[in-house]
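Everything on this sheet refers to the single structure shown next.
The values are calculated or read from the model by the stated rules, or taken from the named source; none is laboratory data. Predicted, not measured: the structure shown is a model, and the values here were computed from it. A quick note on method: Cβ atoms are made from the backbone with ideal geometry, for glycine too, and the neighbour counts reach across all protein chains shown. Remember, those area values only see protein heavy atoms, side chains included, never the ligands or the DNA or RNA. Shrake-Rupley method; radii C 1.70, N 1.55, O 1.52, S 1.80 Å.
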Amino acid sequence: MNKQFFTICFIALMSISNISTARVLGIGEESQEPATDMTAAFQTPKEGMPNPDNLDEVISFFRNRFETAPVSTAEQTGSMDILTATDVQHSAEYIKQMQEQKKTIFEKIYDKAIEKISGTSNETAVEKEELRFYELIPEQPQTAQNQAPLPNIPLVNVTLPGGRKVVAPAREHIPYLLVSLNILPNGLIEVNEEVTVVANGQKLRNGLVRIIPKFTSSRLNIKKKLDVKLLDAEINNQPIPHILEEIGNNYYIKAKKEYQLAPGVYTYHFRYLVDRKLWYYDDFAELYWDIAGRSWNLVITSANAVVSLPEGQKFLGQNALVGQGMRLFANRSVIVSLSDNALGFASTTPLLPGEGMHLLVSLDKNFFLEPDFNQYVMWFITDYGNILIAFLGFIAVLISYILSWRYLKNHKPHLLGSFKLTAPIARLLIKNNFDKIAFVSGLLELYRKNVIDIQKQDSSLMLIKRTDQVQMLNQGEKNVMKHLFASHESVITADDRNLLKFQRAKASLERYTGRMVKLLKWQLNIGYLFFSVMMLLLTEAGIAGLSVNPWQTGLILISFSVTLTFYIWMFRRPTKHGIKKYILRSVAVFFILASVLFTGVYISFISALLLTATLSVIFEYSALFGARSGLLKSKVKEAEELGKYLQRNAPQLNNSIEFSRHQPEIYAFDLVPFYPQNSANTASYKLDLAQTLEQMLN
């Protein structure tokens, strides 16, 4: 049977039961209200009364009763409020007046509003506004002296499914909630939720958000994760793009684009599939569902549900409880059998904020398809997939770096691009420090390139600029020329007056040389770093792919990686000052933990920790590879071999043209004693002046 047909029948049945109810329960009366005895409606008719199953007999009975009944006036009967044994036929006006006096205040407000909405009132009809309040302010009718006047409150017209109209207070609440649960043979549950809300810009300022618990628990307190798939969502029968987000222990169905909900009446429709909601026991299967959700901080006037099974299936048992915490009441709801395979549930009192309406139905477990191996694998991936992928990504990065480290011990790393080993860089690689000797060797590099000349006149040591054509120099050498020869100067004396210029030039060359060594580390490490970053991105893509909203989760993970990279770098950054180092590391640790906790809300906390460990491994091994004993080892060895070559072949080189080409390296490697001045090198010999310049910088 069609599920929509069940829903319509159930709504009609509940409407009839509401009309025939003798008294409306108050919110505090649920515990005192006795259960209704339905057996009285099926008793045998008394003697002299017609058989209710025989329509002709009923019609004949009332026709005879009306013909024989005497007609009396009001004067003969005395009081119009007290009926005697004589049948009295009151006028229509009097009957209406009596009915009006017996009505409660709410019923009078309801009837007054209906008259205005339907146009039967003598007053000016209220002009209809789409999605806006109908502020129906009832007038004060003539009432008895002991009857309280009607409250002056605004009301709103609410159209329920099937076209039925009711009038509700124009305060933010949920007048009507209907949840249809269609249980399929494979254990999936198709959920259709219809929520009518009255919004006035308070709690529903940005619309209604449906919150679904991510986990469900069995009778044995076993927990498992639900698998939810959003099908569609509508607002007032208009398709509105919604997304499903996974945050903490809940799924959130919310609008894709944020909007402001204007005051008015809205009907939301949510349709989604839920897997793993059923629990299987030895003799039966069981479904638990809280249709109110307890996530809406709003009063729900009427909460309803329809649970349906495929044709030929029956329910083994059912129950409904309404309340909060341990205070749950069975007499605040009714259960109606719509057919053999469909049940209707309805609350008899409003649900306050925080209260739930809990449905519990027992089913034949043999009806459902037994999960196969593939289904169990999919469920395992749903529960632990992001942790498994994060762990595999961590292991892949860790193993790749370990294997790479072993490879480096036996092979020379390949250098991408060209790298020129200058005298200052060679000094920095060997000594692991940029000192005055490294700076002076840089000045000798400028002399070798014929950019400057170093001369001694009397007791003064001078640097002379030979050319303004500095395009062939590297950036560090250009900076040195800029600091030494400011403006249009062409000669600078190496004395105390110009000491600041030399210090600035030294600092500039030191920064450039340091950057070049770091660039060398990047060039040597680029292959390993590229692999590890790609593995990290693949890991995050896999985790995002398993989430209910891959794009959002992917952006969160990328932001997490970028943030974590910055704070791990801050934590590892070398700092000389103890207090500054302590403060920087404390701040870095705080934000690392905050980032892990925040990301753990969208994915599991363990996965966030594994991603943090992966980034830490990348930083640690990159630092090891960048150390002098790592990827730089080959370049350090190259510089050391050059020094050994210059020392071993000093006699030959000192008497050849090669001396002029290697003079900066000779000074950088502290080989001046092996290269004395002689007739062969006297024209280009500047090692003695370089030593004098070094002493001046002390």
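Take segment 308-367 and flag every residue that is among the charged types (D, E, K, R) and under 32 Å from the mean Cα position of the chain (by Cα). It would help to see each step written out before you state the result.
Taking segment 308-367 and keeping what is among the charged types (D, E, K, R), we get 311, 314, 327, 332, 340, 355, 364-365.
The one that is among the charged types (D, E, K, R) and under 32 Å from the mean Cα position of the chain (by Cα): Glu355.
Condition check: at pLDDT below 90 and either more than 23 Å from the chain's Cα centre (by Cα) or open to solvent by less than 20 Å² (accessible area, probe 1.4 Å) (or both). Does Gly201 satisfy that?
Yes: the conditions hold for Gly201.
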- Message: Please pick out the residue among Ser561, Ser547 that is of a type in the set (Ser, Thr, Tyr) and either surrounded by fewer than 16 Cβ atoms within 10 Å (Cβ to Cβ) or at pLDDT below 90 (or both).
- Response: Ser547
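Among the listed residues Ser595, Ser547, Ser616, Ser586, which satisfies the condition of being touching a strand residue (DSSP E or B) at 6+ places or on another chain (Cβ under 6 Å) and small (Gly, Ala, Ser)? Before you say what the answer is, go through the steps one by one.
Details: Ser595 fails: touching a strand residue (DSSP E or B) at 6+ places or on another chain (Cβ under 6 Å); Ser616 fails: touching a strand residue (DSSP E or B) at 6+ places or on another chain (Cβ under 6 Å); Ser586 fails: touching a strand residue (DSSP E or B) at 6+ places or on another chain (Cβ under 6 Å).
The match here is Ser547.
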- Filter segment 564-603 for residues that are within 13 Å of the chain's Cα centre (by Cα) and open to solvent by 30 Å² or more (accessible area, probe 1.4 Å); which is farthest from Tyr251 (Cα to Cα)? Leu597
- Note on the structure: Pairing a residue in segment 535-562 that is over 21 Å from Phe380 (Cβ atoms) with any residue that is part of a helix (DSSP H, G or I) and of a type in the set (Gly, Ala, Ser), where Cβ atoms lie under 7 Å and the two sit 6 or more apart in sequence or on different chains, gives Met535/Gly393; Met535/Ala396; Leu536/Gly393; Leu536/Ser561; Gly554/Ala541; Gly554/Ala544; Leu557/Ala544; Phe560/Ser595
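Yes/no per residue for (1) in contact (Cβ under 8 Å) with a residue 24 or more places away in the chain; (2) in a loop (DSSP other than H, G, I, E, B); (3) crowded, with 18+ Cβ neighbours inside 10 Å; (4) on the phi > 0 side of the Ramachandran plot:
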| position | (1), (2), (3), (4) |
| --- | --- |
| Ile211 | yes, no, no, no |
| Leu220 | no, yes, no, no |
| Tyr251 | yes, no, yes, no |
| Gln260 | yes, yes, no, no |
- Message: Just to be sure I understand, how many residues within segment 578-594 are closer than 16 Å to Ser616 by Cα and at pLDDT below 90?
- Response: 1
- Message: Every residue in segment 600-629 that is among the polar types (S, T, N, Q) and either without any contact (Cβ under 8 Å) to a residue 24 or more places away in the chain or in contact with a Cys (Cβ under 8 Å, 6 or more places away or on another chain) (or both), please.
- Response: Ser629
- Query: Which members of segment 520-534 meet the condition of being among the aliphatic types (A, V, I, L, M) and touching a residue at least 24 places away in the same chain (Cβ under 8 Å)?
  - Reply: Leu520, Leu524, Ile526, Leu529, Val533
- Considering residues of segment 491-516 that are among the basic types (Lys, Arg) and under 18 Å from Tyr447 (Cβ atoms) only, the residue surrounded by the fewest Cβ atoms within 10 Å (Cβ to Cβ): Lys501
- Task: Hey, can you tell me all the residues within segment 434-461 that are touching a Ser or Thr at 6+ places or on another chain (Cβ under 6 Å) and open to solvent by 30 Å² or more (accessible area, probe 1.4 Å)?
- Result: Ser460
- Message: Condition check: modelled with pLDDT of 90 or more and more than 19 Å from Pro353 (Cβ to Cβ). Does Phe315 satisfy that?
- Response: yes
- If we scan segment 327-336, do we find a residue that is surrounded by 17 or more Cβ atoms within 10 Å (Cβ to Cβ), more than 30 Å from Ala608 (Cβ to Cβ) and among the small types (Gly, Ala, Ser)? yes
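Listed here are the residues, each with its yes/no results for (1) under 55 Å from the mean Cα position of the chain (by Cα); (2) outside any helix (DSSP H, G or I); (3) modelled with pLDDT of 90 or more; (4) surrounded by 15 or more Cβ atoms within 10 Å (Cβ to Cβ).
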residue: Gly393; (1), (2), (3), (4): yes, no, yes, yes
residue: Val397; (1), (2), (3), (4): yes, no, yes, yes
residue: Leu408; (1), (2), (3), (4): yes, no, no, yes
residue: Phe419; (1), (2), (3), (4): yes, yes, no, yes
residue: Arg427; (1), (2), (3), (4): yes, no, yes, yes
residue: Leu463; (1), (2), (3), (4): no, yes, yes, yes
residue: Glu489; (1), (2), (3), (4): no, yes, no, no
- Query: Is one or more of the residues making up segment 236-243 outside any loop (DSSP other than H, G, I, E, B), closer than 16 Å to Ser547 by Cα and touching a Pro at 6+ places or on another chain (Cβ under 8 Å)?
  - Reply: no
- Item | Total residues in segment 318-339, condition touching a residue at least 12 places away in the same chain (Cβ under 8 Å), out of contact with any strand residue (DSSP E or B) (no Cβ under 8 Å at 6 or more places or on another chain) and not in a strand (DSSP E or B) | 1
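If you take the residues in segment 305-317 that are outside any loop (DSSP other than H, G, I, E, B) and out of contact with any helix residue (DSSP H, G or I) (no Cβ under 7 Å at 6 or more places or on another chain), which one is farthest from Ile189 (Cα to Cα)?
Of all residues in segment 305-317, those outside any loop (DSSP other than H, G, I, E, B) come to 305-308, 317.
Right, trim to out of contact with any helix residue (DSSP H, G or I) (no Cβ under 7 Å at 6 or more places or on another chain) and you get 305, 307, 317.
On the way: Ala305: 14, Val307: 10, Gly317: 18 Å.
Only one residue tops the list, namely Gly317.
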- Note on the structure: Of the residues in segment 368-378, those that are buried (at least 17 other Cβ atoms within 10 Å of the Cβ) and more than 22 Å from Ser308 (Cβ to Cβ) come to none
- Selection status of Gly187, outside any strand (DSSP E or B) and farther than 26 Å from Leu343 by Cβ: no
- Qualifying positions in segment 563-578 - without any contact (Cβ under 8 Å) to a residue 12 or more places away in the chain and either part of a helix (DSSP H, G or I) or of a type in the set (Phe, Trp, Tyr) (or both): Phe566, Gly578
- Selection from segment 340-367 of residues in a loop (DSSP other than H, G, I, E, B), in contact (Cβ under 8 Å) with a residue 60 or more places away in the chain and either open to solvent by less than 30 Å² (accessible area, probe 1.4 Å) or acidic (Asp, Glu) (or both) yields Asn341, Thr349, Gly354, Glu355, Asp364
